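Visitor: One structure, as structure tokens, below. Some questions next.
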Amino acid sequence: MLYEKMKRIFDCTVAAIALVLLCPLLLCIWIMVKVTSPGPGLYWSKRVGINSRLFSMPKFRTMRSDTPEVATDLLDDPTRYITSIGIFLRKSSLDELPQLWNILIGDMSLVGPRPALFNQYALVELRRAFGIDTLRPGLTGWAQINGRDQISDQDKVVFDNEYLLKKSFLFDLKICTLTVFKAIAREGILH
């Protein structure tokens, strides 16, 4: 219980500070997305949150507006949908920054399992079977550190379950630190 309170305070503090400090960068990215392709600057997707509750999660739009609403790895040729700025945003993980808002309002945490799309039924069911759905989804997570886009749903659930069993404030700090290094190295990103 103390861990959950500390985690929430840490999440809100970091998200609030980051949103203020990154405001100019967020505005620049939004403008670049708007200028380089038609459509909105932000893409809102239905995601599965804590206790399998659906919520809306923003990302900077990295794909054309007519892209089917499925996981990128399920598209026949994902590269044909990705915008010119989208390639950079995905590889740098800058497209994820608007989710700081979800952290601030409590839909997400800094660390937890990445929120599944509403139509990733197999992943949602696997997480429910292991009790992983009781965790608040995260901006980053243990599965992100251990392969990100390059691992199967089953492997994601193995890492998510490991996080569920080992969760602690120090483990969260370790994951946050490793995330920075992985983002800089652009590891584990397929598209």
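The values are calculated or read from the model by the stated rules, or taken from the named source; none is laboratory data. On a predicted model such as this, the values are computed, not experimentally measured, just so you know. For neighbour counting, all protein chains shown are included, and Cβ atoms are generated from backbone atoms with ideal geometry for every residue, glycine included.
Visitor: Quick check: anything in the range 177-190 out of contact with any Lys or Arg (no Cβ under 7 Å at 6 or more places or on another chain) and over 23 Å from Leu100 (Cβ atoms)?
Guide: The answer is yes, given that some residue of the range 177-190 is out of contact with any Lys or Arg (no Cβ under 7 Å at 6 or more places or on another chain) and over 23 Å from Leu100 (Cβ atoms).
Visitor: Would you please name the residue that is nearest to Trp44 (Cα to Cα), looking only at residues in the range 117-150 that are within 15 Å of the chain's Cα centre (by Cα) and assigned to a loop (DSSP other than H, G, I, E, B)?
Guide: Filtering first and then ranking leaves Phe118.
Visitor: Would you point out which residue out of Met6, Met32, Met57 is surrounded by fewer than 16 Cβ atoms within 10 Å (Cβ to Cβ), among the aliphatic types (A, V, I, L, M) and either touching a Cys at 6+ places or on another chain (Cβ under 9 Å) or touching a residue at least 24 places away in the same chain (Cβ under 8 Å) (or both)?
Guide: None of the other options fit; the residue is Met6.
Visitor: Quickly run through the range 105-119 and pick out the residues that are of a type outside the set (D, E, K, R) and buried (at least 17 other Cβ atoms within 10 Å of the Cβ).
Guide: Listed by number, the residues that qualify are Met108, Ser109, Leu110, Val111, Gly112, Pro113, Pro115, Ala116, Leu117.
Visitor: When you scan the range 41-86, how many residues do you find that are over 26 Å from Arg8 (Cβ atoms), out of contact with any helix residue (DSSP H, G or I) (no Cβ under 8 Å at 6 or more places or on another chain) and not in a loop (DSSP other than H, G, I, E, B)?
Guide: The total comes to 4.
Visitor: Let me ask something else about it. Hey, could you check the range 179-191 for residues that are assigned to a helix (DSSP H, G or I), under 15 Å from the mean Cα position of the chain (by Cα) and of a type outside the set (Gly, Ala, Ser) and say which is modelled with the lowest pLDDT?
Guide: By that ranking, first place goes to Lys182.
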